[in-house]
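Below is one structure, written out as structure tokens; comments come after it.
The values are calculated or read from the model by the stated rules, or taken from the named source; none is laboratory data. All values derive from a computational prediction rather than experimental measurement. With ideal geometry, Cβ positions are generated from the backbone for all residues, glycine too; neighbour counts draw on all protein chains shown. These accessible areas exclude ligands, DNA and RNA; they are computed on the full protein's heavy atoms, side chains included. Shrake-Rupley method; radii C 1.70, N 1.55, O 1.52, S 1.80 Å.
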Amino acid sequence: MNVLRLLMVDDHTMLAEALGARLADVTDLWVVGHCATSDPRLSDVVRRSAPDVITLDVEPAGPRSGRLVSRVRSARPGAAIVVLTGAHAPEQAVAAARAGAAAWVPKERNLDELTEVLLGVCRGQSWYPPDLLGPVLRELREDAERAGQRSGPLAVLSDRERDVLTGMVNGKRGAQIAEDLMISAETVRTHTRSILAKLQVHSQLEAVSVAREAGMRADDQPDLAR
């Protein structure tokens, strides 16, 4: 296994630094930095650090946990996100899972358990505590059913707008979406403006957050036959 780059995002700087020092002894991990959750430069730090895996404390975000995860994922779409937090709220766990967090680890877990999760998510694994896994799976299953029935907030979108939004959820920029869908970049911009208006949001990040909350997953694929 290649050495995995780890970025730690936590407002408790001393705790993050202490934990980072211990994780530095793990052969397959390289701690590339720390950043506060509240740091306005968070997205820039994530992009510059180019991590493979990110630990993220969502507790300070409260009900906006999903948007925080979406913000970090947008800055580094290929990174696995592990929520490492003292919070214990099913609704926050559900929001994090909807936004694409691969794992949720309580801070009281020991170092070996955390290390196993960090290495595992980079192999495509997921992990949520047993007491949170039930609510998470139930809500995600209902999200999938709603998405299949074309109900909920995404029902107002046309098929092609959903395809463009799928690209946005996957972290792709306009040019890549245009190439994937075999349409012009200007057409993508037109669909994007329509998506924002129909979903009543002001940015692509907000649109992605709405899509994830409605059950659209990052690995969904557009229908190229349209």
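How would segment 39-87 be classified by its alpha-carbon gyration tensor: rounded, prolate or oblate, with rounded meaning a/c under 1.5 and the a/b versus b/c comparison settling the rest? Judged from the Cα gyration tensor, segment 39-87 comes out prolate (a/c at least 1.5, a/b above b/c).
Accessible surface for Lys172 stands near 80 Å², nearest 10, in the context of the full protein assembly shown (1.4 Å probe).
Once every DSSP H run of n ≥ 4 in the chain is given -39500 (n - 2.57) and the sum is divided by its residues, what mean residue ellipticity at 222 nm do you get, rounded to the nearest 500 deg cm²/dmol? So the calculated ellipticity at 222 nm is -15500 deg cm²/dmol. So for segment 53-181, what percent of the C-alpha to C-alpha distances run longer than 21 Å? Result: 46 percent of Cα pairs exceed 21 Å. Rounded to two decimals, the Cα radius of gyration of segment 1-109 over 2.2 N^0.38 Å is 0.97. What you get for segment 1-139, charging only the Cβ of Lys and Arg (+1) and of Asp and Glu (-1), is a dipole of about 620 debye around the Cα centre. Computed over every Cα-Cα pair of the chain and binned at 5 Å starting from 0, the pair-distance distribution P(r) comes out as 1, 7, 15, 18, 19, 15, 12, 8, 4, 2, 0 percent. Label sites at Arg141 and His12, each approximated as a point 7 angstrom past Cα along Cα to Cβ, lie 3.4 nm apart. On a per residue basis, the chain carries 49 Å² of accessible surface, using protein heavy atoms and a 1.4 Å probe.
Rolling a 1.4 Å probe over the protein heavy atoms leaves Val31 with an accessible area of roughly 30 Å². For Met168, the accessible surface of its heavy atoms amounts to roughly 10 Å² (probe 1.4 Å, protein chains only, rounded to the nearest 10). Ligands, DNA and RNA left out, the accessible area of segment 106-217 computed with a 1.4 Å probe is 51% carbon and sulfur.
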